[in-house]
Amino acid sequence: MSATPQKNRVPRRVLAATAGLVTVGALVAAMPAGAHDKGHGHRPSSRTVDVQLLSFNDLHGNLEPPAGSAGTVSEKQADGTVKSVPAGGVEYLASSLRTARKGNPYSVTAAGGDMVGASPLLSGLFHDEPTIEALNGLDLDVTAVGNHEFDEGATELARLQNGGCHPVEGCYEKGKKFEGADFPYLAANVTSEKTGKPVLKPYTVWKKNGVKIGFIGVTLEGTPNIVTANGVKGLKFHDEIETVNKYAKELDRQGVKSIVALIHEGGAPASSSYNYDCDSPGAGDGISGPIVDIAKGITPKVDALVTGHTHQAYVCTVPDPSGKPRMVTSASSFGKLYTDTTLTYDRRTKDIVRTSVESANHIVSRDQAKATDMTALIARWNTLAAPIAGRPQGFISADINGRGSTAPEKPLGNLIADAQLEGLAPADKGGAVVAFMNPGGIRSDLVYKASGSEGDGVVTYGEAFTVQPFTNMMNVVDLTGAQLVAALQQQVSGSNEASPKILQVSKGLTYTLDMTKSGADRVVASSILLNGEAIDPAKSYRVAMNEFLAGGGDGFAALGQGTNKLVGASDLDLFNAYLAAHSTASAPLAPPATDRITIVQ
């Protein structure tokens with residue numbers, strides 16, 4: 001995968017038209033109409049032309065190479081072993097995409113959502129303006145919105161699309177106004193409660209020399225369950241299948257027969273190796289999860305699905321409603337992979353020849369040369385972030401895994417929950433006796449190896465921010481023992497039964513999780529102890545959690561029933577305070593034991 005960035009490349013912007021909306025982009029010089037090209041040469045008499053679709057998803061503002069396990073992909077070797085390969089970083093992603101485009105006069109780049117949100121400090125500190133600039137430099141043509149694009153609400157998302165300086169913090173560089181995205185964000189299934197219309201464009205049409213491909217973008221219907229209430233206020237999220245089918249029909253009426261759906265929802269392949277064959281033994285047999293049912297329900301008018309959200313890597317052919325195989329892809333996360341799909345376009349029918357569609361994921365290798373423009377962009381923003389980012393917060397003696405841990409109970413999850421309990425246990429801070437942390441809110445690992453010049457074992461503000469980037473305000477509420485038990489049961493029942501969301505719990509709370517059972521019975525109620533005592537269903541307990549969980553997020557309706565709420569410090573402030581109080585250079589913090597949840601399998 002070694003490659004060098006393309007030098008002095010002509011801008012690849014192409015015509016992108018949207019129904020009833022202003023046309024953006026411009027045509028670039030290209031081959032004569034009717035040409036057929038697979039990367040080398042052309043045959044003017046050919047009826048078909050191969051369009052290269054490059055795609056990726058879930059970048060989450062990771063401009064620099066992700067640290068620790070978040071920055072590796074699993075690769076299955078010929079002998080059956082699995083190798084961990086360092087990957088990612090926009091300097092390398094830009095080089096990979098530019099190299100892939102060489103020799104492909106018909107090339108379009110699309111993304112499956114969550115380009116921003118839950119971002120490391122370099123992007124998150126500046127409300128993700130650096131990432132939008134980077135995506136412009138990557139020549140991204142179009143992306144769907146993801147759930148994290150709504151972390152700061154629809155108004156802020158519109159600013160990222162249209163430009164303008166932040167309404168509170170203003171412009172970050174003197175004399176320089178943020179220009180916004182020069183690619184369309186698509187939000188077909190997200191409408192305003194007031195107007196009933198999509199908050200952003202529902203679709204766009206990519207055009208070149210008579211070739212037309214429509215792109216429809218949607219996020220998962222369940223976005224309100226995984227984003228804070230303020231982020232989705234005034235918005236409605238609609239069914240993915242119904243929405244895509246609606247706009248596919250509209251595009252078809254306009255004569256656009258070739259259609260790609262960008263869907264921020266995904267699946268789980270049977271193997272974590274990026275090069276696993278998920279069509280073994282048959283089409284789509286090696287993948288499960290929501291995207292399978294979505295793919296089976298989306299109209300055959302749609303020729304391919306670019307997906308995301310689950311941070312998994314797969315290239316599968318899932319049968320459409322007519323039973324014909326259709327390509328469904330996802331490129332992991334954080335810019336570690338990109339997908340290269342060949343769409344053979346028939347100029348006579350104006351449709352994709354589905355039997356000719358080919359696709360593969362490729363590693364964004366760090367052995368290749370960096371894209372110098374991305375290096376300059378990162379350096380510019382790092383200079384602005386440096387006074388805050390490099391500030392030491394604490395010390396660790398080894399890696400403390402969070403995102404990189406596959407276990408239900410994670411060392412970093414325990415540390416975060418303990419920090420929240422300690423900060424909110426004093427009577428004047430809330431009087432908490434237990435704390436819960438949602439696993440999806442742990443965005444990285446704490447890595448022992450230095451990320452810069454700070455030295456091994458030093459946790460900087462930037463690294464702590466990468467772990468807890470949402471800056472959620474903490475809440476302490478009253479819950480009955482019955483509600484507390486119900487919350488633990490909701491980890492593995494209801495909307496979480498198929499894909500459990502195991503809360504990270506503070507010290508003192510222990511219980512058994514029996515995965516041989518089903519639904520709520522997986523939580524052995526008689527085993528739940530708080531400081532050695534059984535939970536009293538009628539007793540009131542002071543429970544600490546972030547505002548997302550306190551709003552019932554992630555399917556924890558019982559946590560949303562709390563009363564007598566006290567709003568405390570942010571989760572990041574409590575995390576940093578705990579690191580400072582419990583570690584020094586000579587006595588660093590060791591990874592916490594994971595002995596609070598007993599797992600029976």
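Residues in the stretch 438-489 that are within 19 Å of Gly555 (Cβ to Cβ) and of a type in the set (A, V, I, L, M): Ile442, Val477, Leu479, Ala482, Leu484, Val485, Ala486, Ala487, Leu488. In the condition set (1) among the charged types (D, E, K, R); (2) more than 17 Å from Val244 (Cβ to Cβ); (3) open to solvent by less than 40 Å² (accessible area, probe 1.4 Å); (4) touching a Ser or Thr at 6+ places or on another chain (Cβ under 7 Å), Arg326 is compliant with all but (2).
Can you tell me which residue among Ser397, Ser356 is touching a strand residue (DSSP E or B) at 6+ places or on another chain (Cβ under 6 Å), of a type in the set (S, T, N, Q) and either open to solvent by 40 Å² or more (accessible area, probe 1.4 Å) or under 22 Å from Val256 (Cα atoms) (or both)? Before the answer, list the steps.
Numbers: Ser397 fails: touching a strand residue (DSSP E or B) at 6+ places or on another chain (Cβ under 6 Å).
Residue meeting the stated conditions: Ser356.
Within the stretch 283-301, the residues that satisfy the criterion of being part of a helix (DSSP H, G or I), closer than 15 Å to His264 by Cα and over 19 Å from the mean Cα position of the chain (by Cα) are Asp293, Ala295.
In this structure, is Ser119 open to solvent by 30 Å² or more (accessible area, probe 1.4 Å), modelled with pLDDT of 95 or more and either in contact with a strand residue (DSSP E or B) (Cβ under 6 Å, 6 or more places away or on another chain) or small (Gly, Ala, Ser) (or both)? It is false that Ser119 is open to solvent by 30 Å² or more (accessible area, probe 1.4 Å), modelled with pLDDT of 95 or more and either in contact with a strand residue (DSSP E or B) (Cβ under 6 Å, 6 or more places away or on another chain) or small (Gly, Ala, Ser) (or both). Candidates are the residues of the stretch 511-528 that are outside any helix (DSSP H, G or I), surrounded by 15 or more Cβ atoms within 10 Å (Cβ to Cβ) and not β-branched (Val, Ile, Thr); the one that is nearest to the chain's Cα centre (by Cα) is Leu513. When Thr155, Thr131 are screened for being without any contact (Cβ under 8 Å) to a residue 24 or more places away in the chain and of a type in the set (S, T, N, Q), only Thr155 passes. Being in contact with a Lys or Arg (Cβ under 6 Å, 6 or more places away or on another chain) and either more than 30 Å from Trp206 (Cβ to Cβ) or at pLDDT 95 or above (or both) is a description that does not apply to Arg380.
When we screen Asp367, Asp303, Asp340, Asp373 for residues that are modelled with pLDDT of 95 or more and open to solvent by less than 10 Å² (accessible area, probe 1.4 Å), the only hit is Asp303. Comparison of Gly441, Gly452, Gly431, Gly390 shows that the only residue that is on the phi > 0 side of the Ramachandran plot and touching a strand residue (DSSP E or B) at 6+ places or on another chain (Cβ under 9 Å) is Gly431.
The values are calculated or read from the model by the stated rules, or taken from the named source; none is laboratory data. The structure presented is a predicted model; accordingly, all values stated were derived computationally and were not measured. Cβ sites come from the backbone with ideal geometry, for glycine too, and all protein chains shown count toward neighbours. To get the accessible areas, we keep the full protein, side chains included, count just its heavy atoms, and leave off ligands, DNA and RNA. Shrake-Rupley method; radii C 1.70, N 1.55, O 1.52, S 1.80 Å.
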